[in-house]
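The values are calculated or read from the model by the stated rules, or taken from the named source; none is laboratory data. Remember, predicted model here, so these are calculated numbers, not experimental data. Note that we place each Cβ from the backbone using ideal geometry, even for glycine, and neighbour counts take in every protein chain shown. SASA here: full protein model, heavy atoms, side chains in, ligands and nucleic acids out. Shrake-Rupley method; radii C 1.70, N 1.55, O 1.52, S 1.80 Å.
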Amino acid sequence: MEKLEAIPLEIDVEDVKKRLRSGDWEHVQTLLGFAKPLISFGAVYGVCYVEEKLENAVVIDGVRFGSRVLRKNLENVGRVFPYVVTIGKELDRKADACSDFLERYYLDAIGNVAIGKARKYLEDHLRSRFALTGLSFMSPGSLGDWPIEEQRPLFSILKGAETSIGVELTESFLMIPRKSISGIYFPTEVTFYNCQLCPRPKCEGRKARYNEGMAKEYGIVK
Ligand code: SF4
């Protein structure tokens, strides 16, 4: 398992503006000053191999993952990169202790920007270190096809995530610190987005349009 820490990332008010449609940007600027020292980036990833391709599952480094979509995405893939990324607990603590709803909302948005940047840092690192051009990811729980329970096998591959970067998996398969993300990166020619297979209306995080034809092709709708 590889570890990245002390990731050098800059966050400014323009990054938060891209995430929120409107806001009191002076207030956000002030909060950024408090928030930045509380952010502690860490990432771990594995360099793993797809050992078996079953009907609706794959076996990676001896661990079975049940997902029709993941199986299809790995059709021509031999090497994958399971990962966990976090920004630590302190910003969550600050937000939880905050009685002002708006301030809490802004701190949450700053945390979301930070974790997004940390993931991008990991992605750029993988591209550069392994000479990859196209790279996509999937996360357990992001589609009905790959439920949140699949965090368990993912964490069994990344056994040192807790001691290494302090990310713990709870009995209900959530991660602590809350601002942590996990999944599997894999090489692709065309970027894959979970959102292409997700019909949920009005999602602020949507990165690509829902594509019903693609959902049929993946076999998750009839
Ligand atoms: S549309 Fe929203 S809920 Fe659906 S996969 Fe994309 S980000 Fe997740």
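Helix 101-129 axis versus longest C-alpha principal axis of the chain: approximately 40°, rounded to the nearest ten. Just the protein heavy atoms count here, and of the accessible area of the chain at 1.4 Å, carbon and sulfur take up 49 percent.
Residues whose amide H falls under 5 Å from that of Arg79, counting only those 5 or more places apart or on a different chain, are Val50, with hydrogens built in the peptide plane.
The string of couplings for the range 171-187 from the Karplus curve (6.51, -1.76, 1.60, θ = phi - 60°) is 4, 8, 6, 8, 9, 10, x, 4, 7, 9, 9, 9, x, 10, 8, 8, x Hz, one whole number per residue in order, with x for Gly and Pro.
A 1.4 Å probe run over the chain, with the rest of the protein chains in place, finds 54 Å² accessible per residue. Compared with the dominant principal axis of the Cα atoms in the chain, helix 25-35 is inclined by about 80°.
Per the Cα gyration tensor, the chain maps to an equivalent ellipsoid with semi-axes of 31, 21, 16 Å, ordered largest to smallest. Across the range 205-222, rounded Karplus estimates of 3J(HN,Hα) from the backbone phi angles (6.51 cos²θ - 1.76 cosθ + 1.60, θ = phi - 60°) give x, 4, 10, 7, 5, 5, 10, 5, x, 5, 4, 5, 4, 7, x, 9, 9, 9 Hz, Gly and Pro being marked x. Here each label is just a point 7 Å from Cα along the line to Cβ, and for Arg206 and Ser172 those points are 2.8 nm apart.
In the structure displayed, which of Lys179/Lys216; Lys72/Lys179; Lys159/Lys179; Lys53/Lys179; Lys18/Lys216; Lys36/Lys120 lie more than 24 Å apart, Cα to Cα? Show your work: numbers first, answer last.
Numbers: Lys179/Lys216 33 Å; Lys72/Lys179 29 Å; Lys159/Lys179 19 Å; Lys53/Lys179 32 Å; Lys18/Lys216 32 Å; Lys36/Lys120 18 Å.
Going by Cα-Cα distance, Lys179/Lys216; Lys72/Lys179; Lys53/Lys179; Lys18/Lys216 fall outside the 24 Å limit.
Summarising the amide proton neighbourhood of Trp146: residues at separation of 5 or more, or on other chains, whose placed amide H is nearer than 5 Å comprise Gly141.
Shown is the FRET efficiency for Thr163 and Glu189, computed with R0 = 35 Å from the Cβ-Cβ distance and rounded to the nearest 0.05: 0.45.
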